[in-house]
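Input: a single structure, listed below in C-alpha cells.
The values are calculated or read from the model by the stated rules, or taken from the named source; none is laboratory data. Source: prediction; values computed, not measured. Heads up, the Cβs are rebuilt from the backbone with ideal geometry, glycines too, and the neighbour counts pull from every protein chain shown. Heads up: the accessible areas ignore ligands, DNA and RNA and are worked out on the full protein's heavy atoms, side chains in. Shrake-Rupley method; radii C 1.70, N 1.55, O 1.52, S 1.80 Å.
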Amino acid sequence: MEYLLLFIACTFFSVQFIFSKAFEKRTIGGLTVCFWNQVVCCTCGQIFMLIKSGLPTGLTPAICLFAAANAVSGIICGVCSLTAMGCGKVSTVTTFCLAGGMVVPFFYGIIALEEANSLFKCLGLVVLCLSLLPSFLQKTESRQDNANKLKFALNCTAVFLTNGMISVFGKMCMNYVKVTETDPIV
C-alpha cells in the first residue's frame, strides 16, 4: 500500500509541471505572476493540511506554525525553481527538487524520528548526491557565465533544501497530530 501511495504522489507531483506550464502560457509571465501562483497553490495546500490535521478541533498554534512553515518553504521552492529555470536546464532543476525531497526527509527521519537505517539506504543516498555534481562541473568561458552558473547553483541549492523541508514540515504536523491524539497533555 505504501508503494501505491508513493506512486500516486510521484504521478501528481510530475503532473503539476504540466499545469504550471499551461498557467505560464496563459498569463503574461514574469516572476510576479509566478510568485502569486505559488502563493495560491501553497495556501490551498495548507488549507488541506489543516483539514487533514483535524480542523477545527485539532487546530493548535503548533499545527498553524507547521502549516505556515510548509507554505513558506513551498513559495521559496517555487520562486527559486522558476529563477533557476531561467538561467539553467529545467531537467537539472527538477532533479534537484526531487533529490531534496528524498535526502532532507531521510536525514530528518534518521536524526529526529530515529528511523531504521541500512547500508543500502546510505549507498543509495550517496549515489543520489553524487549524481547531482556533474551539473555544476561544466567549464564556463566568461565572467557572465560564471555569475549565471553561481546564480543557478544557489537557486538549485535553495530548491533542494526547501523542497525537502516541505516534506519535513508536513511530517512534523502529522506527527504532532498523532502525539496530541494519544496524549491530551501535549
### Query
Can we say A116 is more than 22 Å from G78 (Cα to Cα), open to solvent by less than 90 Å² (accessible area, probe 1.4 Å) and of a type in the set (G, A, S)?
yes
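Matching residues to (1) crowded, with 17+ Cβ neighbours inside 10 Å; (2) polar (S, T, N, Q); (3) modelled with pLDDT of 80 or more:
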| position | (1), (2), (3) |
| --- | --- |
| L123 | no, no, yes |
| L137 | no, no, no |
| S142 | no, yes, no |
| D145 | no, no, no |
| I166 | yes, no, yes |
| N175 | no, yes, no |
| I185 | no, no, no |
#### Entry: Unmet criterion (only one of (1) touching a residue at least 24 places away in the same chain (Cβ under 8 Å); (2) not in a helix (DSSP H, G or I)) for E114
(1)
### Query
So F152 clears everything in (1) out of contact with any Gly (no Cβ under 8 Å at 6 or more places or on another chain); (2) at pLDDT 80 or above; (3) not acidic (D, E) except one condition, right? Which one?
(1)
### Hits in region 85-113 - residues which are closer than 20 Å to A153 by Cα and exposed (fewer than 11 other Cβ atoms within 10 Å of the Cβ)
S91
### Task
For residues that are at pLDDT below 65 and surrounded by 13 or more Cβ atoms within 10 Å (Cβ to Cβ), scanning just region 28-54, find the one that is farthest from M165 (Cα to Cα).
G54
### Task
Give the residues of region 82-104 that are over 10 Å from the mean Cα position of the chain (by Cα) and touching a residue at least 40 places away in the same chain (Cβ under 8 Å), sorted by residue number.
L82, T83, A84, C87, G88, K89, T92, V93, T94, T95, V103
### Summary
Scanning region 70-81 residue by residue, those without any contact (Cβ under 8 Å) to a residue 40 or more places away in the chain and either among the β-branched types (V, I, T) or open to solvent by 60 Å² or more (accessible area, probe 1.4 Å) (or both) turn out to be V72
